[in-house]
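No value in this document is a laboratory result; all are computed from the given coordinates. Predicted, not measured: the structure shown is a model, and the values here were computed from it. Methodologically, a virtual Cβ is constructed for each residue, glycine included, from the backbone with ideal geometry; neighbour enumeration extends over all protein chains shown.
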Amino acid sequence: MGMKLLSRRQMLQSASCGFGYLALSALCGEQALASSAASLKEKLPPLRQRAKRVIFLCMSGGPANLDTFDYKPQVGKKPHPGSAFKFQRHGHNGMWVSELMPHIAQQADKLCVLNGMYCDTGNHAQSFLQLHTGERFRPRPSLGSWVTYGLGTENQNLPGFISLNAHEATTYSSNFLPSIYEGTAIGKNGESMSKATLENVATDHLPLASRQKQLSLIQKLNRRHQKNRFEDPKLESVIQSMELGFRMQTEAQNILDISTEPDHIKEKYRVGKNISVGTCRPSDFGRQCLLARRFIEAGVRFVEIAQGGWDTHTNHKRDVKACCESVDAPIAALLEDLDQRGLLDDTLVVWGGEFGRPGMLPNAKKDETGHNPRGFTFWLAGGGVKRGFTYGKTDDTGLKAIDGRIHFRDLHATILELMGLRHDTLTYFHQGREHRLTGPDGGKVVREIFA
């Protein structure tokens, strides 16, 4: 006579008078409520929504703020660390922009520059993690995953969150949030962006009708398997991800194909033009910017693109010049293109890295810099922020933020509020407590920069 196998649920119900099952039900109850609603369907935000989507221009390595947007000339009789390049005022409000960013300088009236940024550490890995997740020691859901969790996405045939030229999975991980909010990485680990595609989506080995039958069979088996599982959010996310993957096969591939773009647009974005000098490595940043515009135009909620190489310890002047040249024209083209298409007003563009760099002494023999988490620069554009506006400042040497100080937690809280989300109530129950992007300490919303 065969023995009937008990499921985990049946075992807990029968053992110890069922108290194990009751305990598990209580423990999983709140998480089950959250996970049962896991979906990319568009959600109404609780607050006024100034921005509907985000493009994050991630400058990994620590961009030199004193040589880009935070001008520090020599003051007084004694030489001190400061800017190593010339600056000029631009736009109606006379915003200081470095000579290394001539194209972005022409877009100065669109920028909201934050010169009072600071964070907790000058360690690359920890600060990069904190920039993306709010936590510097443990992996947590990324900013893009939180935004997608709170708002869903406008196009159900595309992911809510896309990460281009991604090098660290932590930058697009959903971690304990349902995996439907995970970022979709395109172009990983230095892969050429001209060849980058969506893994396991593009295929021609079967006709579409056959692929539909294949998916239907797999999902039928998944649903049958799901009936014997106690509110399994991971399984539900797998089911939803498979359905999304099928829907993506046509639309996502069309967006990645930029051959339909006019030549003058591709030229303006500098598509295919790469610079390889010192720390600056080719990333086809122009293609990334153009793809970001195409994805958000198609309804993707959050797109992150990346340019590494900003860790300019030695040969600083040469390398920072190359990094700026790589991103300057493409970013200017993106801002202008979004504005002309009527997308900039409700698209929030964010520029910055994990920290800044200290200034250089004039006529210094060594062309070297280090890390500076105590004062650095981000800038925002579009999406409900003031235009041609500079907020916050560092001291005369750029060493530390002294006015309008903004921590990463404050930046996260501000971005969420611009998106119509409250940072203190956008939470998810995990391991016995509620979690949020801004952590237990929370963040301060910087409403002074709101338009």
**Complete:** Checking segment 286-342 for trypsin sites (Lys or Arg not before Pro) in a loop per DSSP with at most 15 other beta-carbon atoms within 10 Å yields R341
**Fill in**
Yeah, segment 54-126 with a ≥ b ≥ c from its alpha-carbon gyration tensor (a/c under 1.5 is rounded, else prolate when a/b outruns b/c, oblate otherwise) is oblate
**Request:** May I ask which residue of G383, H371, V349 lies farthest towards the positive end of the charge dipole of segment 341-384, with charges of +1 (Lys, Arg) and -1 (Asp, Glu) on Cβ and the Cα centre as origin?
**Result:** H371
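Calculate the FRET efficiency for R138 and K400 from the Cβ-Cβ distance with a Förster distance of 45 Å, rounded to the nearest 0.05. It would help to have the intermediate numbers written out before the result.
Details: r = 27 Å, r/R0 = 0.60.
After rounding, the FRET efficiency stands at 0.95.
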**Asked** Placing +1 at every Lys and Arg Cβ and -1 at every Asp and Glu Cβ, with all other atoms neutral, what dipole size does segment 47-125 have around its Cα centre, in debye to the nearest 20?
**Response** 280
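Write out the trypsin sites (Lys or Arg not before Pro) in segment 35-90 meeting two conditions: DSSP loop, and at most 16 other Cβ atoms within 10 Å of their Cβ.
Details: sites: K41, K43, R48, R50, K52, R53, K77, K86, R89; in loops: K41, K43, R48, R50, K52, K77, K86.
Filter output for segment 35-90: K41, K43, R48, K77, K86.
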**Item:** 11 Å beta-carbon shell around M59, net charge (K/R +1, D/E -1)
**Value:** -2
**Request:** Determine ³J(HN,Hα), in whole Hz, for all residues of segment 318-326 in sequence, where each value follows from phi through the Karplus function 6.51 cos²θ - 1.76 cosθ + 1.60 and θ = phi - 60°; x replaces Gly and Pro.
**Result:** 4, 6, 5, 5, 5, 4, 5, 4, 5
**Fill in**
HN-Hα couplings for segment 253-270 via Karplus (6.51, -1.76, 1.60; θ = phi - 60°), in whole Hz with x for Gly/Pro, come out as 5, 5, 5, 5, 8, 8, 5, 7, 6, x, 4, 5, 6, 4, 5, 5, 6, 6
**Message:** A 30 angstrom limit on the alpha carbon distance is what I want to check against. Which of K366/K400; K268/K365; K266/K366; K86/K268; K321/K444; K86/K366 exceed it?
**Reply:** K268/K365; K266/K366; K321/K444
**Request:** Count the net charge of all other residues whose Cβ sits under 15 Å from the Cβ of A306, scoring Lys and Arg as +1 and Asp and Glu as -1.
**Result:** -3
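Would you mind counting up the charge near F87? Only other residues with Cβ under 12 Å from its Cβ, with Lys and Arg at +1 and Asp and Glu at -1.
Values: positive: K72, K86, R89; negative: D67, D70, E99.
That sum, taken over residues with Cβ under 12 Å, equals 0.
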